[in-house]
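Report on the following structure.
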């Protein structure tokens, strides 16, 4: 063997050999400065917000180093009354919601049952919104957003009334917090005060529908994206607000890392994250995960995957 100290083992190929000659290489480990604030105006019972979860998750995972996320509660439904709630979508009473939700679920492939709104309707989106605000106050934005995700799973896919006190307590308990204590606090004046602060923020932002995503730069200029859009639309919005020709995405997390973090993924979310066709999902999962890492189930014709850890 030659007496050559310039040897290297390639981490990808596993082959060891002589390293390529070259100049010293400078490497920049600095993360992009988070000069952008992203405001996500939403509501726990917003079906179109549920529909954009696959796209929004990928956008935050790959480009989140460029911005700080602020989730703002918009107050979609204070209470039902005799007049129209959403006449544009033909919604005058709770039962009218069921068909609309089902259409959104079928179109987006983020499953929505919706029959709850006939049998045991959500009477207001304010109670779960107040719980979100208390978790955000007592813990952090990340934990509050996880609560929001779990609440939407419970409502849309698993047909649970997330305005019901016992359901809210159960969701919070499963996050590892004291559900009764948090729901009790949310029912105090502080819950309403915090929620009203969000409503004031929504008015300041000029958001009139859900979902609305607003990205604002240091010069207080930004872009507003209303409704569900393709992934590239959000990336283009980020470029525009940064005034850059290109932005550098992070590599998508491995499926095992993602599933361990979020606990439950629908097929559509995996397809969006990894640029897959629906027909390729099962083969991808078998390649990325060992059988003891996940369980597969089906609801409303859609597959979903949960972690066994």
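The values are calculated or read from the model by the stated rules, or taken from the named source; none is laboratory data. Note that the structure is predicted; figures quoted are calculated from it, not measured. Counting neighbours? That spans all protein chains shown, and the Cβs are built from the backbone with ideal geometry, glycine included.
Observations
- Filter result for residue 204 (touching a helix residue (DSSP H, G or I) at 6+ places or on another chain (Cβ under 7 Å), surrounded by fewer than 16 Cβ atoms within 10 Å (Cβ to Cβ) and at pLDDT 95 or above): no
- Qualifying residue in segment 233-243 (condition: touching a strand residue (DSSP E or B) at 6+ places or on another chain (Cβ under 6 Å) and over 17 Å from residue 60 (Cα atoms)): no
- The one condition from (1) outside the structural domain of residue 40 (by TED's automatic domain parsing); (2) crowded, with 17+ Cβ neighbours inside 10 Å; (3) in contact with a strand residue (DSSP E or B) (Cβ under 6 Å, 6 or more places away or on another chain) that residue 226 does not meet is (2).
- Counting the residues of segment 124-150 that are crowded, with 19+ Cβ neighbours inside 10 Å, in contact with a helix residue (DSSP H, G or I) (Cβ under 7 Å, 6 or more places away or on another chain) and under 14 Å from residue 195 (Cβ atoms) gives 13.
- Among the candidates 103, 153, the residue that is within 17 Å of residue 49 (Cβ to Cβ), surrounded by fewer than 18 Cβ atoms within 10 Å (Cβ to Cβ), modelled with pLDDT of 95 or more and not assigned by TED's automatic domain parsing to the domain that holds residue 298 is uniquely 103.
- You will find that of 217, 159, the residue that is surrounded by fewer than 18 Cβ atoms within 10 Å (Cβ to Cβ), more than 20 Å from the chain's Cα centre (by Cα), at pLDDT 95 or above and over 20 Å from residue 55 (Cα atoms) is 217 and no other.
- Any hit, segment 111-121, residues being under 23 Å from residue 186 (Cβ atoms), in contact with a helix residue (DSSP H, G or I) (Cβ under 7 Å, 6 or more places away or on another chain), without any contact (Cβ under 8 Å) to a residue 24 or more places away in the chain and not in a loop (DSSP other than H, G, I, E, B): yes
- Scanning segment 253-277 for residues that are free of Cβ contacts under 8 Å to residues at least 12 places away in the same chain and surrounded by 13 or more Cβ atoms within 10 Å (Cβ to Cβ) yields a total of 1.
- Residue in segment 235-252 that is modelled with pLDDT of 95 or more, within 16 Å of residue 108 (Cβ to Cβ), touching a helix residue (DSSP H, G or I) at 6+ places or on another chain (Cβ under 7 Å) and not assigned by TED's automatic domain parsing to the domain that holds residue 47 present: no
- Enumeration of residues in segment 236-252 that are over 17 Å from residue 70 (Cα atoms) and surrounded by 17 or more Cβ atoms within 10 Å (Cβ to Cβ): 242
- Counting the residues of segment 207-237 that are part of a helix (DSSP H, G or I), in contact (Cβ under 8 Å) with a residue 40 or more places away in the chain and closer than 19 Å to residue 33 by Cβ gives 1.
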